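First up is the structure itself, then whatever we jot down about it.
Read-outs throughout are calculated quantities, based only on the coordinates presented, and are distinct from any laboratory measurement. Just so it is clear, the structure is predicted and the values come from calculations on it, not from any experiment. A quick note on method: Cβ atoms are made from the backbone with ideal geometry, for glycine too, and the neighbour counts reach across all protein chains shown.
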Amino acid sequence: MIKKKFIAFPVAIALLVGAVTGCGSTAPTEPKEAVTTEAPATAAQAENSATEEKTEDAATEATSAEETENESAAEGTFAESEEEIVVKGITARSDEMRDISAVDLVAEMEAGFNMGNALDAHSEHDTTVASETSWGNPAITKEMVDTVCEKGFDSIRFPITWYNHVGPAPDYTVDPAWMDRVEEVVNYALDDGMYVLIDMHHEESWRIPTADKIDAADAESIAIWKQIAERFKDYGDHLIFEGLNEPRTKGSKEEWNGGTGEERKFVNQLNKSFVETVRATGGNNEKRLLVLTTYGGSNVPAALGQLEIPEGDEHLAVAIHAYEPYAFTFASGESWELFRWDGTHNTDIDQVMLRLKVNFLDKGIPVLLTEYGAVNKDENTAEVEKWVSAYVMRASLKGIPCFWWDNGTYNTEGEKFAILDRRNLSWYREEVVDAIIRESYKR
């Protein structure tokens, strides 16, 4: 354990001046993969879902008002003072597989970090282990992971792309060198005592949830997850499998708006096959925490409401992505883009948290926000610090661990989500990082 002192600034009162119903916030464009966090939804599509969200908001208005009041009280306690918070830091590795529920395991997790655009970097023309650096980031090292862990992040997500490292149907055999590299990186974090999530990332070229593609997609997904599960079946409960990252039909009208009813049904099929495949491999995988997701990882009401959680398995959780509000977290160049955080859009965050509570938490299903973050806009670090304090505080009050999306991009063109300088093992926007840790450890 490491004791760290943080300064809590009196920004909280200003952060909750917004009304109970906030403005909409969704993504206008899909980002480019080589510098990507994949955007939630388009501005036009946000209008399409406005009626649906208004209905949901009306149905939960009383609950929202009560919870906003509670969160206001919590924020109001943050006077300007020096706080001492004990962070975990590097701890002993645990290979134990405890028979504890998903709720209990997720409750142990504090602050999460994505080592993005590394193992998920991909190209159809590069099928070797060297693809890890093909998007410009250095290869992941033990020292990188140590730096993340020592700062207070006790959980790390390694996005991984598999399609360019597998053989042909029907076996879809994973390249042994790629599997070895994935295992090496996983062990970097497990050796620090961290919780580790691995997934299947950027697989949209083949994993298409439509009637004419679902059978082939399901077969390939099953084949790959069976191999992953077999390789890691003896690992302890600090290793977590996330079955699908943002499963969707690229380029479709509803790509970032929660999909169609049929597409959501096929995502349920992929989730179900993932669970059955992993469980069937036996060993510690019978009790391993498995994480399911919605169409596109979306938090819109239709996607959340249609997600099916297999019954009788208490080792399941839900992963959601929420870059809220998009006008602040991305650099869109649109007239409605936000550069300052004055609290008037706090209710955009409140609405997301309320949806997760109603759809999952109230039913005993834990949630992980496996992607969130805000880009650097002309060094607006102070504004991002205020935003992330409000965001993570709200998630922490609900018991939801958050995983900042770091794509390694900060001083170059692209979506500037980076907070870790991977080459120099230091931190960009350290005030933002400190706010993440401070608010994560308060829950």
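Quick notes on this structure:
- Going from the fewest other Cβ atoms within 10 Å to the most, the residues Thr293, Thr344 appear in the order Thr344, Thr293.
- Put in line by how crowded their Cβ is, counting other Cβ atoms within 10 Å and starting with the fewest, Ser426, Ser396, Ser335 read Ser335, Ser426, Ser396.
- Net +/- balance of residues flanking Thr128 in space, Cβ distance below 12 Å, scoring K and R +1, D and E -1: -2
- Legend: residue pairs Lys265/Lys287; Lys151/Lys363; Lys250/Lys416; Lys272/Lys357, Cα-Cα distance threshold 28 Å; pairs beyond threshold, Lys151/Lys363.
- Kirkwood hydrodynamic radius (C-alpha pairs) into Stokes-Einstein, region 314-443, 20 °C and 1.002 mPa s, D in µm²/s: 141
- Ranked list, fewest to most other Cβ atoms within 10 Å of each Cβ, for Trp341, Trp427: Trp427, Trp341
- Asp95/Glu379 FRET efficiency (R0 35 Å; Cβ-Cβ; nearest 0.05): 0.20
- In region 98-250, taking the dipole from charged Cβ atoms about the Cα centre, the farthest positive-side position among Asn164, Thr210, Tyr188 is held by Thr210.
- Per the Kirkwood formula applied to alpha carbons, region 324-382 shows a radius of gyration over Rh ratio, Rg over Rh, of 1.06.
- Using Cβ point charges alone (K and R +1, D and E -1), the dipole size of region 303-408 about the Cα centre works out to roughly 260 debye.
- Between Ser252 and Glu308, full extension at 0.36 nm per residue minus the direct alpha carbon distance yields a gain of 17.9 nm.
- Per DSSP, loop GluC sites (Glu not before Pro) in region 343-431 with at most 14 further Cβ within 10 Å: Glu379, Glu413
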